[in-house]
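Trainee: This is the structure I have questions about; it appears just below.
Laboratory data are not the source of any read-out in this text; all were calculated from the coordinates shown. The structure presented is a predicted model; accordingly, all values stated were derived computationally and were not measured. Here the Cβ positions follow ideal geometry from the backbone for every residue, glycine too, while neighbour counts run over all protein chains shown.
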Amino acid sequence: MQIVFLGTGNAFAPQRDWSCMLVNGTILLDAGPTLLANLKRLPADPAVIRHVFISHFHGDHCFGLPFLLLDHHFLSRTDAPLAIIGPPGIETWTREAMALAFPDVAGKGWPRPITFVEAQEGETQSALGLRFMPLRMAHADGYLEAFGYRLLLPDGVLAYSGDTRMTETLYTLIDGAHAVIMEATEYDESPYHLGHTEVRALLASLPPDCTVFLTHLDSPGPGPWDDLPVIIPDDMQIFTLGAAPSRPLRGAP
Ligand SMILES: [Zn+2]
Ligand SMILES: [Zn+2]
């Protein structure tokens, strides 16, 4: 399993770009505003993307999507299908975002075949051959729906929290995963985000061979998470994990 951290910062972070991970070369977890520039910096051809998972409709997680579609219109042309997975309303959101960002282009239709898939809480879903399970997170209650995703990849289960404060559902999200990408925004828990105490409690539930990355971070360099058995990635850092250990997993492929 390969994970490239294209953006590791929260919405206010100095010196970090916004949330986006590239998994196994073709899957995007969130689409922060800096997605396209960092994809090209790798370099990677935007046409190779097959799946985009949007955790929630905060701009630091999804405002890069219109730029990806714009690039498909003019530069990275491809007829290969793309799946965009997100909270209910993902197709309407994408259409409206495109119309706001590039009204002269939006009328041309989608630049490649796109399948929109709405996240269904706790269901094992499939898009273009990739199986995944969305789980409802707790974030910006009353304003938007936030989801974490368990990706059931051939080389193991990858759990991604998106943005969330503490919720029991997080234990289901990360259960037995091969790798976890977990938000860690503020030292103290807030109505929006996990704090140090909550992250430590979640880590205690994981097997020792699970690799945990923290993201949605603040400044680079030494920080309040350094005493935890986790990896603090920087932007553009690439990690390759070995094969997943065999153990019974919830919703395993
Ligand atoms: Zn965020
Ligand atoms: Zn958010």
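Trainee: Would you look at the GNM of the chain, springs on alpha carbons closer than 10 Å, and say which of Pro220, Pro14, Pro33 moves the most?
Mentor: Of Pro220, Pro14, Pro33, the most mobile in the Gaussian network model is Pro14.
Trainee: Additional query: Given DSSP loops and a limit of at most 15 other Cβ atoms within 10 Å, what is the longest stretch of the chain that contains no such GluC sites (Glu not before Pro)?
Mentor: No qualifying site falls inside 1-120, the longest such stretch.
Trainee: Name the shape class, rounded, prolate or oblate, that the alpha-carbon gyration tensor gives for the stretch 2-236, where a ≥ b ≥ c are the square roots of its eigenvalues, rounded holds for a/c under 1.5, and otherwise prolate holds if a/b is larger than b/c and oblate otherwise.
Mentor: Prolate shape, in that a/c is at least 1.5 and a/b is the bigger ratio.
Trainee: While we're on this one: What residue among Ala140, Gly162, Leu82 has its Cα farthest toward the positive end of the dipole of the chain, where the charges are +1 on Lys, Arg and -1 on Asp, Glu, each on the Cβ?
Mentor: Checking the options against the dipole of the chain, the answer is Leu82.
Trainee: Okay, next question. On a full-extension model of 0.36 nm per residue, what is the gain between Ala201 and Ala99, subtracting their alpha-carbon distance, rounded to one decimal in nm?
Mentor: 32.4 nm
Trainee: Cα axis of helix 65-74 to longest principal axis of the chain: angle in degrees, 0 to 90, nearest 10?
Mentor: The answer is roughly 40 degrees.
Trainee: Using the crude model of +1 on Lys and Arg Cβ and -1 on Asp and Glu Cβ, and no other charge, please compute the dipole size for the stretch 173-253 relative to its Cα centre, in debye to 20.
Mentor: 500
Trainee: Against the longest principal axis of the chain, how steep is helix 90-101, in degrees 0 to 90 to the nearest 10, with axes from Cα atoms?
Mentor: 60
Trainee: If you don't mind, another one. Quick one: compute the contact order of the chain, relative version, from alpha carbon pairs under 8 angstrom and 6+ residues apart, as a percent.
Mentor: Over the chain, the number comes to 19 percent.
Trainee: Quick check: pseudo-label points 7 Å beyond the Cα along Cα→Cβ at Glu168 and Met236, how many nm apart are they?
Mentor: With each label point 7 Å from Cα toward Cβ, the separation is 4.5 nm.
Trainee: Same structure, new question: Set Lys and Arg Cβ to +1 and Asp and Glu Cβ to -1, take the dipole of the chain about its Cα centre, and tell me which of Leu217, Thr34, Phe116 lies farthest positive.
Mentor: Result: Phe116, furthest along the dipole toward the positive end.
Trainee: Find, among the trypsin sites (Lys or Arg not before Pro) in the stretch 17-118, those assigned to loop by DSSP (not H, G, I, E, B) with at most 15 other beta-carbon atoms within 10 angstrom.
Mentor: Arg77, Lys108
Trainee: How large is the dipole of the stretch 2-236 about the Cα centre if only Lys and Arg carry +1 and Asp and Glu carry -1, each at its Cβ, rounded to the nearest 20 debye?
Mentor: 840
Trainee: Sticking with this structure for a sec: Restricting to DSSP H runs of at least four residues, report the calculated mean residue ellipticity at 222 nm for the chain, -39500 (n - 2.57) per run over all residues, nearest 500 deg cm²/dmol.
Mentor: -5500 deg cm²/dmol
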